[in-house]
Amino acid sequence: MISIKKITKIYNKDSNDIPALQDVSLEINDGEMVAIMGASGSGKTTLLNIIGCMDGWDQGEYIFNGTSVGSLKNGKLDKFRRQNFGFIFQQFALLKDYTVRENVELPLRAVNMPRKKRNEIVMDMLEKVGMEQYVDKIPTKLSGGQQQRCAIARALVTEASVILADEPTGALDSKTGQEIIDLLIQLNRSGKTIIIVTHDEKIAKQASRTIYLKDGKIE
């Protein structure tokens, strides 16, 4: 379970303190599908980055399945992030000169997994997202929806229990975007915890609940 307790995050810009999050508390249970909504600048992505151990905070406490995340440093934090979180981004974040296979296997290369085992896992995940036939294509030869499916496969290869998606449909047309949400719903039903940052009410309504942020606070 994710437990955020009175988290505050301050950015310093031009010698001025700008609060990105203010005294935010929330809990997300294992296996939930949660949407985070709010206007631009409300703190949505900051909150997602803190949950995914991509960013720190200034005050408060973050407990993930009994582990105090704030106590983890450097290499231990990196390992913890790789083991527990998969990331999906609006612009896919794929390497242009790498094939689908090479993009998806990147997290496994980071942990020095043997090539044969990597290939088995990559092909299994590409099959799950309907991309196995594109294994040798490069991203520029794929549609936006295919690129996002590739990115989802990359998020799954480490068997992370939590998938964090930051505007995963923002660069897609509505039909393709719904296909991606349907895929995330399937993953949720298989046991993954899904947390989606979105500005789209239609997408948010398909989650089990929605967290609304305004000016760095939960409404």
(request) Looking for whichever is open to solvent by 10 Å² or more (accessible area, probe 1.4 Å) and touching an Asp or Glu at 6+ places or on another chain (Cβ under 7 Å) here; the options are SER190, SER208. Which one fits? (result) SER208
(request) Return the residue satisfying two criteria in turn: it lies in region 28-43 and is at pLDDT 95 or above and not in a strand (DSSP E or B), and of such residues it is surrounded by the most Cβ atoms within 10 Å (Cβ to Cβ). (result) GLU32
(message) For region 98-122, give me each residue that is crowded, with 16+ Cβ neighbours inside 10 Å and not acidic (Asp, Glu).
(response) THR99, VAL100, ARG101, ASN103, VAL104, PRO107, LEU108, MET113, ARG118, ILE121, VAL122
(message) Out of ALA160, ALA151, ALA165, ALA171, I need the residue that is in contact with a strand residue (DSSP E or B) (Cβ under 8 Å, 6 or more places away or on another chain), part of a loop (DSSP other than H, G, I, E, B) and not polar (S, T, N, Q). Which one?
(response) ALA160
(message) Restricting to region 62-109, give me the number of residues that are more than 25 Å from THR45 (Cα to Cα) and not in a helix (DSSP H, G or I).
(response) 4
(request) Look at GLY191 and say whether it is part of a loop (DSSP other than H, G, I, E, B), over 16 Å from PHE87 (Cα atoms) and either at pLDDT 95 or above or not aromatic (Phe, Trp, Tyr) (or both). (result) yes
(request) Go through (1) within 29 Å of LEU47 (Cα to Cα); (2) of a type outside the set (A, V, I, L, M); (3) open to solvent by 60 Å² or more (accessible area, probe 1.4 Å) one by one and return the number of the condition GLU132 breaks. (result) (1)
(request) Can you give me the number of residues within region 1-21 that are at pLDDT below 95, over 17 Å from the mean Cα position of the chain (by Cα) and surrounded by fewer than 21 Cβ atoms within 10 Å (Cβ to Cβ)? (result) 10
(request) Scan region 42-54 and report the pairs whose first residue is in contact (Cβ under 8 Å) with a residue 24 or more places away in the chain and whose second residue is buried (at least 22 other Cβ atoms within 10 Å of the Cβ) and among the hydroxyl-bearing types (Ser, Thr, Tyr), with Cβ atoms within less than 9 Å and a gap of 6+ or a chain change. (result) LYS44/THR198
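The values are calculated or read from the model by the stated rules, or taken from the named source; none is laboratory data. What you see is a predicted model; the values in this text were computed from it and never measured. Positions of Cβ are generated from backbone atoms using ideal geometry, with glycine treated the same way; all protein chains shown enter the neighbour counts. These accessible areas exclude ligands, DNA and RNA; they are computed on the full protein's heavy atoms, side chains included. Shrake-Rupley method; radii C 1.70, N 1.55, O 1.52, S 1.80 Å.
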